[in-house]
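J.: Next up is a structure, given as structure tokens.
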Amino acid sequence: MPICIECRYPVKTLYTTYSKADDRSLGKGVRLTQCPRCERFADKYVEHDFVVLFIDLVLIKPQVYRHLLFNRLGRDDDRFDVGPTAPTRSIVRLGILLLLFDVYLTWARIEKLALPLTSAHHPSHSSPPSSSNTSLTTEAPITNALLLQAQPLILQYLFFLFLVTLSTLAFHLPIRVLCHITPSRIPSLLRNPWSRFVPYYPHPTPLSTALLVSSCTKLFPILLIIWEYDLPSSATAVSWAVIVNNVAALEILMDCGYLRAGVLVGIGAGLRSVVANFVLRTMGLGTGWGDGTAGLGDVDSLVGLGRAAGRWLGEVVPGLLGRV
């Protein structure tokens, strides 16, 4: 049942069509329903095109999330309808687009990271150290591209497709599982803390829909095709922006508060980071873990931020104590 995007009050219809020949996106041929509670239009986005929706998604407006999650993509039977006329088909397309685009970004980011000295594929393990090799290493660090480019292009693509798919599942599945656990299954001693930090939501499909819709910010780095910029720092900034949108989307969907939504997203992001770094280390690739350059999980950015703050405090505190 549709709701008012302003006050979440259920309404029977969002608009009334009185002329099928006109274009609804131009505001012609329809009359918007007025909410009986707040007396505002139940869903003004019925008349707006996708450009306006995308801009408001980036601005994290709750109304546009309610429009998409409840009025446009929501279903009562908790299923993905992928028929030729189903509106949810666009969510499947968006998920595939984000997945394939994430493959390209991850590929471009990982191959620029330094290859660890402990890797069996590092040149230092196959040739004795010399003055020429040492000077070459200091001038041009050996990156993961040395190992990746030795493999066929199709294998590189399949590897990063597997990596991104596994990371995405590691992000979505814990959130779906945690929200599906009823409080009655939790031991009585842990029931109150569990309910305080983990909300109960028995419909897993809207959770994935909310996470996919709020991840559209990942499309911004497409500008790197036109302008060259610092990829690791840009990836970190985009990943944090996506996390903020994920938290807002879950809070709007479940009405659970930002604390509990943040706990869910934090758990998902942490597991995604651990899984991605485990796969990279298993293949002998550098991960950039702890310096804020990996970008595969936002926990890595937090570790890098903490280390930078620690170095700054180590430089500032002794000077302040010396003055005292």
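The values are calculated or read from the model by the stated rules, or taken from the named source; none is laboratory data. All of these numbers come straight from a predicted model, not from anything done at the bench. Backbone-built Cβ (ideal geometry, glycine too); neighbour counts: all protein chains shown.
J.: Give the residue, chosen from Pro199, Pro187, Pro193, that is in contact with a Cys (Cβ under 6 Å, 6 or more places away or on another chain), in the same structural domain as Val279 (by TED's automatic domain parsing) and modelled with pLDDT of 85 or more.
T.: Going through Pro199, Pro187, Pro193 in turn, the sole match is Pro199.
J.: It is to be established whether one or more residues within the range 121-135 are at pLDDT below 80, in a loop (DSSP other than H, G, I, E, B) and surrounded by 15 or more Cβ atoms within 10 Å (Cβ to Cβ).
T.: Checked against the condition, which is being at pLDDT below 80, in a loop (DSSP other than H, G, I, E, B) and surrounded by 15 or more Cβ atoms within 10 Å (Cβ to Cβ), the range 121-135 yields at least one hit.
J.: Based on what the data block shows, is Val64 at pLDDT 90 or above, buried (at least 16 other Cβ atoms within 10 Å of the Cβ) and within 25 Å of Tyr258 (Cα to Cα)?
T.: For Val64, the condition - at pLDDT 90 or above, buried (at least 16 other Cβ atoms within 10 Å of the Cβ) and within 25 Å of Tyr258 (Cα to Cα) - is met.
J.: Could you please tell me which pairs satisfy a Cβ distance under 8 Å, a separation of 6+ or placement on different chains, a first residue in the range 199-213 that is in contact (Cβ under 8 Å) with a residue 12 or more places away in the chain and part of a loop (DSSP other than H, G, I, E, B), and a second residue that is crowded, with 18+ Cβ neighbours inside 10 Å and of a type in the set (Val, Ile, Thr)?
T.: none
J.: While we're looking at this one, here's another question. Only one of these is over 26 Å from the mean Cα position of the chain (by Cα), surrounded by fewer than 18 Cβ atoms within 10 Å (Cβ to Cβ) and at pLDDT 90 or above: Arg24, Arg37, Arg8, Arg31. Name it.
T.: Only one candidate qualifies: Arg37.
J.: Return yes or no: is Asp56 among the charged types (D, E, K, R), surrounded by 17 or more Cβ atoms within 10 Å (Cβ to Cβ) and not assigned by TED's automatic domain parsing to the domain that holds Leu253?
T.: Yes, satisfied.
J.: Restricting to the range 183-207, give me the number of residues that are surrounded by fewer than 17 Cβ atoms within 10 Å (Cβ to Cβ) and within 19 Å of the chain's Cα centre (by Cα).
T.: Counting residues in the range 183-207 that are surrounded by fewer than 17 Cβ atoms within 10 Å (Cβ to Cβ) and within 19 Å of the chain's Cα centre (by Cα) gives 1.
J.: I need every pair where a residue in the range 47-74 that is farther than 21 Å from Met254 by Cβ has its Cβ under 8 Å from the Cβ of a residue that is of a type outside the set (Phe, Trp, Tyr) and assigned to a loop (DSSP other than H, G, I, E, B), sequence separation at least 6 or different chains.
T.: Every condition considered, the pairs that remain are Glu47/Gly27.
J.: Contact list please: Cβ distance under 9 Å, first residue in the range 178-195 and touching a residue at least 24 places away in the same chain (Cβ under 8 Å), second residue aromatic (Phe, Trp, Tyr), pairs at least six apart or on different chains.
T.: Cys179/Tyr200; Cys179/Tyr201; His180/Tyr200; His180/Tyr201
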